[in-house]
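Structure first, commentary second.
The values are calculated or read from the model by the stated rules, or taken from the named source; none is laboratory data. Remember, it's a predicted structure, so these values are computed and weren't measured experimentally. Positions of Cβ are generated from backbone atoms using ideal geometry, with glycine treated the same way; all protein chains shown enter the neighbour counts.
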Amino acid sequence: MTASTPTTQPTVPADSSAAARRAEVDRSVRGLVLFCFASAIFWLVVGSFLQVISGTQLVIPSFLDCAAFFTFGRVQPAGLTALVFGWGSLAGLGFGIWQMARASGKVVRGVTLPVCSVILWNLALVGGVLGILAGKGSGIPYLELPGPAAFAILLAFGLLVIWLLLTLRGTPGQPLYIAKAFFVVALFLFAWLYSSANTLLIWTVSPGSVTGPIEGWFENGLFGLWLTFLSLSALFYLLPVAAGRPLHSQGLATFAFWTLLFFGGWGGMRYFIGGPIPAWMVSASVVATFLLILPALAVVTNLGRTIGDAGSRLWEAPTTRYLIAGLIFYFSWVVGCAFVAIPTVSSIFHFTIYQEGLTLIAIYGFVSLTLIGAILTLLPRFGHSFNPASASLQFWLIIVGLGLFATSATIGGLLQGFALYDVEVSFLNVVDYVFPFRVLVFVGLLTVFAATLGFAALFARSVYVPAKEPAVPVSQPVPQNVEVVA
Amino acid sequence: MKSSSLFLGVAIVFGLSWVGLVAYPYVELGGVQPEVSEETGSLVPPPVSGVAIEGQRVYAANGCVYCHSQQVRPLPLFTDIPKGLGPRQTVARDYLRYQPASLGRVRTGPDLANVGLRRTEASWFYQHLYEPSVVSPGSNMPAYRYLFEEREIQGQRSDLAVNVQGPHQPKPGYEIVPTPEAQALVGYLMSLKRDYPLPEAPKPPEEG
Amino acid sequence: MSEQSPMNPATPDTGDPTVENASVPVWFWCLSVAMVFVGALYLGVNSGGFKANVFNPDQVSWVGGGAPAGPPDPKVIGKRLFSANCVVCHQASGEGVPGQFPPLVDSEWVLSKEWHGDNHLVKLVLSGMQGPVTVKGQPFNNAMPAWKQLKDSEIAAILTYIRSEWGNNAAPIPADFVAKIREEIADRSDPWTQAELQAIDRVLVSEAEAAPAPEEAPADPNAQPPAPEADQAAEPAPGA
């Protein structure tokens, strides 16, 4: 754990010239980062809206059943695709770009290439989501995007990463802070995950006997590595800064990084316990999913000790409250996954509403709360100040939604699971038992959707409507040679 | 901090899972072949018709996998077999002929790994797809009327015409017939029979 | 950047994050080691021997012993092969056709009773038979073709099937027994006659297994010449 370990970053002197330099760096990436965030929030709203539609259809099956375009089986994956590839990915990329700019200390000149990449990403996703709704989806969860759209997204991603590495490379020999390590490695992992899975399942044809392992490996990596690394990167960056303290332990952070990387990759067969996958692969995934509690515990311990008694202050602030809640939901999600990976538990809970609730908790609880918190933290630096009451309202709306998801997942999952397990119970009775919990999920999706609308409005207002005084006054004039993207 | 050594470490640590969960099954499971069963003397898994392959695409494109699983899990831990989802556990070779296989994550709807064994009449499938709540009262499956067309009866009523009951009956003189997509989908569903013997999937001992 | 938005007390620009190097707590190391140990143990026990064709960890012991799956039941295979090859003459009921094709049900030939041995049964299937024979006291005079083209395991499966079906109850014939007989009579192309078979010493599977090959090999070449037994054997056929 020496050479290849993320190590400390020297304290940047907080004198005024350094602060001015940081403000200059922030300005140089402002347009690009805001564009990423705006795109991400667009997809958050679109994805949540589609989730509301499909959630309604689970309660009222005849809702919008007039047209192929709105059938449940297309709206559901379209919504999930928008949330994962639009919202989570672009928001995380936006934050990462800012973070890398900060770490490199370089003022960015020219952002045409990355802006074009994000435009391409958005266009690909628009085409892809419409393609899914039009019946061009692959039927493989999270690999639904039609081949050309997936290729365009990878192309956009590749261009963005190349630009990022060429422009914002840290100075050689500069220590790598753990948050940046998470982000940079996330980029590498996404390229590997998405190109590998698409090559084997979408762009070429593989025998059906290998679909399961590859899709499991991909889905697990998409959530457990890509989105997790992006979100943890934000947490590791923002929480120590907000607390005004150094990160408690480099050792724990390094431990979390490597164990997450190792066990996170192996967890994929947990979706197929008892399924048509060789027993040893399933058992390996069960163990890996369970051992993911270790890095989660390391992250929570590390950040918890970093925050220390600043916790109540951070909880009071509307922005950092999101981050702390995101951290809590990260841990809950990991424990929830480990719980259902125990084969005995799986024999009851697998295939039930529990799994759907777990996905919603990962997306809205962990990823969304964290990244909304990150965006809100950066907003005053990029835009204008916003109304903290509004941010607070959206927070509690999302928490209400998550509470409903968690309730329906655990109680509904238990009822549905035992009914599915019981030889005496017919399938249509199972549908009856779980119905009230689908109503709860629907209400939860509705409140979350309302929160996303409020958040989008807050974001737009903060960016476009000037407050009486600029939120981020820049003390020095912008140098002539710096291209400022509005 | 050497970024090259960091990435080498990452590639090795993460690459292990790629080798184990992607490359290994690609070779080991992708390489399995249909074989002549010693027990029945016929090819297992049995060949699948072109219509069923086409139907698999309809199944995938309409997201059936977001409600229906296609896996039978083994005794003694799971009760899929006593619940009548299939005579034996499903194994990798059962999915060899479908691209992709739709294993599924949830059972919002019933498991379909062996639906072709439980239901053998195409007309039932057509009726169910056209108006699930009429055929299975209490079902929360959406209707797939867009897979059917209403047309004027030309001479004789079509053999495939759906016997529609309920609110979506055709106009007098018209009939509801499945589109080629619906016919393919039903062909696929009826082909889902995992009852042939495979050496790696022993049947559990029969119990009264 | 000392100034901050009054609305966002938690987002001052306090610079970039820094890090301390507090060591990993001891309890954390202990917990990790314990969990990894338990995990490794679980994986070992439920590995199914790390085989690609084991889908239920209960099928195979954790060290990898035991077959991934039991071999298919020879009776099932035997029934299929019997239906494909034998029913034309011997009928699905195993009763044969009176006066034309001998029955298999309760037949001393099939069940290795009296002078009949398991070796005779395998030999006549491998090379076929012709001429007068007596089965259950009834005379038959017809020809049975040779079934050399079938594999050892297939012949074993058919014989095991007919020895356990229709109320028949005799020991199964293993494939290696068929293989051994096939080797013994490798040179023979003609069908057997009852007299020839009767001249050969009776061998049962159970005996063949108990007494290994050395005794068996020299016994058979000697079995060909003896004449007196052949006379005896010839008698019942015309007499019956």
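Name every residue in segment C:43-58 that is facing chain A (nearest Cβ under 7 Å) and either out of contact with any Phe, Trp or Tyr (no Cβ under 9 Å at 6 or more places or on another chain) or under 7 Å from A:Trp280 (Cβ atoms) (or both), in order of residue number.
Within segment C:43-58, C:Ser47, C:Gly48, C:Phe50, C:Phe55, C:Asn56 qualify.
It is to be established whether one or more residues within segment B:19-26 are farther than 30 Å from B:Tyr188 by Cα and within 12 Å of chain A (Cβ to nearest Cβ).
Taking every residue of segment B:19-26 in turn, at least one turns out to be farther than 30 Å from B:Tyr188 by Cα and within 12 Å of chain A (Cβ to nearest Cβ).
Among the numbered criteria (1) within 30 Å of B:Leu129 (Cα to Cα); (2) within 7 Å of chain A (Cβ to nearest Cβ); (3) at pLDDT below 90, which single criterion is violated by B:Pro45?
(2)
Listed residues A:Leu404, A:Leu420, A:Leu360; which is more than 20 Å from A:Thr320 (Cβ to Cβ), more than 23 Å from the chain's Cα centre (by Cα), assigned to a helix (DSSP H, G or I) and not aromatic (Phe, Trp, Tyr)?
Of the residues listed, the single one that is more than 20 Å from A:Thr320 (Cβ to Cβ), more than 23 Å from the chain's Cα centre (by Cα), assigned to a helix (DSSP H, G or I) and not aromatic (Phe, Trp, Tyr) is A:Leu420.
When you scan segment A:254-272, do you find a residue that is at positive phi and more than 19 Å from the chain's Cα centre (by Cα), even just one?
no
For segment A:159-210, name all the residues that are in contact with a Phe, Trp or Tyr (Cβ under 6 Å, 6 or more places away or on another chain), β-branched (Val, Ile, Thr) and within 11 Å of chain B (Cβ to nearest Cβ).
Within segment A:159-210, A:Val210 is the sole residue that qualifies.
Looking at segment A:265-282, which of its residues are at the interface with chain B (Cβ under 8 Å from one of its Cβ atoms) and small (Gly, Ala, Ser)?
Result: A:Gly265, A:Gly268, A:Gly274, A:Gly275.
Among the numbered criteria (1) at the interface with chain A (Cβ under 7 Å from one of its Cβ atoms); (2) in a loop (DSSP other than H, G, I, E, B); (3) without any contact (Cβ under 8 Å) to a residue 60 or more places away in the chain, which one does B:Thr90 miss?
Evaluating B:Thr90 over (1) at the interface with chain A (Cβ under 7 Å from one of its Cβ atoms); (2) in a loop (DSSP other than H, G, I, E, B); (3) without any contact (Cβ under 8 Å) to a residue 60 or more places away in the chain leaves (3) as the failure.
Are any residues in segment A:437-449 in contact with a Gly (Cβ under 9 Å, 6 or more places away or on another chain) and either of a type outside the set (Phe, Trp, Tyr) or not in a helix (DSSP H, G or I) (or both), and if so, which ones?
Hits for segment A:437-449 are A:Arg438, A:Leu440, A:Val441, A:Val443, A:Gly444, A:Leu445, A:Leu446, A:Thr447, A:Val448.
Report every pair of residues separated by at least 6 positions or lying on different chains whose Cβ atoms are under 8 Å apart, first residue within segment B:28-39 and at the interface with chain C (Cβ under 9 Å from one of its Cβ atoms), second in a loop (DSSP other than H, G, I, E, B) and among the aromatic types (Phe, Trp, Tyr).
If the second residue must be in a loop (DSSP other than H, G, I, E, B) and among the aromatic types (Phe, Trp, Tyr), the pairs left are B:Ser37/B:Tyr196.
Checking the structure you have, find out if any residue of segment C:14-26 is within 7 Å of chain A (Cβ to nearest Cβ) and at pLDDT 85 or above.
Yes: segment C:14-26 contains one or more residues that are within 7 Å of chain A (Cβ to nearest Cβ) and at pLDDT 85 or above.
If only one of B:Ile176, B:Ile153 is touching a residue at least 12 places away in the same chain (Cβ under 8 Å), surrounded by fewer than 18 Cβ atoms within 10 Å (Cβ to Cβ) and not small (Gly, Ala, Ser), which one is it?
The unique qualifying residue is B:Ile153.
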